[in-house]
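For reference, the structure is listed below as structure tokens.
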């Protein structure tokens, strides 16, 4: 009988924990069209694969609040996504706004350590109000709550970290999204250091949620999120898609996938996508979609630093990272945001053994007072440093322009393992038009400008680059996909089974 009573108590406690913040709060969420935390887990992971850790956790600072704090507002555990093990934390906003406390902080730390030590990706679904008050107030509160786990915000990239920003995401939800390898944001969410209420009390300033930390701010201005989606289902699909390109941990190569039917079909016409005039713009994404396996292009930060395109994709079934200039924006000139975006992506690829393909068509770096105010020299040097630290295979293809220092950053010289060029490639220190004016003192419109320009242009064609073996191959555009697939085999890391040296594994995020 005593055992039966214990089992009854177990069942009652379990039911209380699974009930989250109670039927009224759950009903309000449903009415508002919001999934609750357990529904989010069901949408994200393989069916019946979730194994919870810390189900019976409650407030550790105020034991009398145990009934008010089931799972202490953060649901944690292990599951599978497409058959692979992951560690997962989903904030339960119905319990004290998923605010950070001593107990749930231990749960997050446990998931993070287990993922890193056992080689599992970590997924964290945000929506939180920040530190729990009054738990964190006073010296005792601070001593209990903050700084007790030195690894909490250490990012050494043993395993991929994917996060979602949804609803109000203050405090830990914001911090972890900024640390993540992939952050997806739901339209309507707000990510910021502090809530509007606290800002109004502290500064007497009324703030608009979107201006404070809405999706446009983070997708277009700060670059802190990688993708923006309209629905929760799309948010989970984005996380699953991102993880499909990643290995489970940094000591293995990414998984292969079948090559979809129809891949490469557009290559026969790819040359027609490149305008004949050097100064005419076009969308590089159209060329990239021809090159990679069908329907595998997964772009990161598409609204930020738009003169560069960064994307995960597959070539011949293998994960690759695409770094490309996009002349549709700023003519492909790289500004500070584009440099930061590319560096973030290089860190991701090198940390998780994803080979990199660079597609080059750039007039160089943006210049002028605005560029200097945005810290362009520092961002360019970060780019220069990062490209030298990459240890996964790097393949460059010069499609059209490659001028100045950007030639080096985009893989020129020994900064790529192999450089191929289309017959349309032009390489020089600067635009031939500018060089003509500087060298010969003539301007567009002057009588002899065109003849002097022709002299300068003659030395910029691809054959000079090939003659000094600075390009290892000049290829027909239609052959580019096949060439890259073959070169990925040639340059794969055989002796380490596809694993790089990870020289950038501690590179700071959000730099």
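Percent of C-alpha pairs per 10 Å bin in region 2-245, short distances first: 7, 31, 38, 19, 4, 1, 0. Taking packing as the residue-averaged number of other Cβ atoms within 10 angstrom, the listed peptides 491-500, 76-85, 330-339 run from highest to lowest as 330-339, 76-85, 491-500.
For the chain, the relative contact order comes to 10 percent (Cα pairs under 8 Å, sequence separation of at least 6). Kindly provide the Kirkwood hydrodynamic radius of region 13-118 in Å, to one decimal, from all pairs of distinct alpha carbon atoms. One decimal place: 14.1 Å for the Kirkwood radius.
Axis angle, to the nearest 10 degrees, between helix 449-458 and the longest C-alpha principal axis of the chain: 70 degrees. Using the alpha-carbon atoms, what tilt in degrees (0 to 90, nearest 10) does helix 102-118 show relative to the longest principal axis of the chain? The angle comes out near 50 degrees.
Note on region 72-203: Rg/Rh from C-alpha atoms, Kirkwood Rh, equals 0.97. Ellipsoid fit via the Cα gyration tensor, region 234-360: semi-axes of 25, 19, 12 Å, each the root of five times an eigenvalue, largest first.
The DSSP beta bridges internal to the chain are antiparallel in roughly 35% of cases. With contacts taken as Cα pairs under 8 Å at a separation of at least 6 residues, region 177-272 carries a relative contact order of 28 percent.
Normalising by residue count, the chain has a Cα convex hull of 176 Å³ per residue.
For the chain, the longest principal axis of the Cα atoms and the long axis of helix 232-245 meet at an angle of about 60 degrees.
All of the numbers you see were taken from the coordinates with simple rules; none came from a lab. These numbers come from a predicted model, not from an experiment. Don't worry about glycine lacking a Cβ; one is built from the backbone with ideal geometry, like all the others, and counts go over all protein chains shown.
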